[in-house]
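The values are calculated or read from the model by the stated rules, or taken from the named source; none is laboratory data. None of the values given here were measured: they were computed from a predicted structure. In this analysis, Cβ positions are derived from the backbone assuming ideal geometry, glycine residues included, and neighbour counts consider all displayed protein chains.
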Amino acid sequence: MRISELSEETGVAVATIKYYLREGLLHEGERTSTTQARYDTSHVARLRLIRALIGVGGLSVATARDVLDRLAEPPESLHELLDTAHPPLRPQPDEEVDTTSAAEVLHELGWELRTAHSEPVRRLAAALEGLDSAGFPISREDVLNYARRMHQLAEAEVAGTPQDPGEALRYVVLGTILVEPLLLALRRLAHIELSGRLLP
């Protein structure tokens, strides 16, 4: 198909498609002349993925490119993949954040983290520090209950991870980017439903 047909098929403007081509998010089509190219279903699928990452996922073009690069080169070990595949969706937490409270929570949960990456622990520590500094009281038991519920969700997700490294990487990365907004939306809707029913 020509670029105009690709645009019609995907609902993405021709100018936007050309921009994605220039930025390296979308692979080149098969050249039929110096100014024309032919595109196929792989371009349709890739464009839909790009639009999901940038639209629903809210990623910048640079972060979307990083995600797509990760999808192209999956690690061999599934544990390594799960450990490293999550893209940096938010600014990195401060390297100097005190992780004592986070370590205490993890110890109480009995979670043994087999990872060389400190970023998830620092992110938990920064979240706990933010709650504390804002004077928003969440008890340790509430934090542990949140963690246990997340662990149940993670059990189902890890069990559903495909064995093929390429498919597994896609599952983990897109599951992070596209499922987290779903979880937050469902949590907010549950709050609205319950508050309307239970609160005066």
Please name all residue pairs, on different chains or six or more residues apart, with Cβ atoms under 6 Å, provided the first residue is in region 68-92 and is modelled with pLDDT under 65 and the second residue is not acidic (Asp, Glu).
Asp83/Thr115; Ala85/Leu169; Ala85/Val172; Ala85/Val173; His86/Thr176; Pro87/Val67
Is it the case that Ala52 is outside any strand (DSSP E or B), of a type in the set (Gly, Ala, Ser) and free of Cβ contacts under 8 Å to residues at least 24 places away in the same chain?
no
In region 146-163, is there at least one residue being at pLDDT below 90, more than 23 Å from Glu108 (Cα to Cα) and more than 19 Å from the chain's Cα centre (by Cα)?
yes
Pick from region 1-10 the residues that are surrounded by fewer than 17 Cβ atoms within 10 Å (Cβ to Cβ) and in contact (Cβ under 8 Å) with a residue 24 or more places away in the chain: which of them is nearest to Leu47 (Cα to Cα)?
Glu9
Select from region 11-37 the residues that are farther than 18 Å from Ala64 by Cα and surrounded by 15 or more Cβ atoms within 10 Å (Cβ to Cβ) and list them in ascending order.
Gly29, Ala37
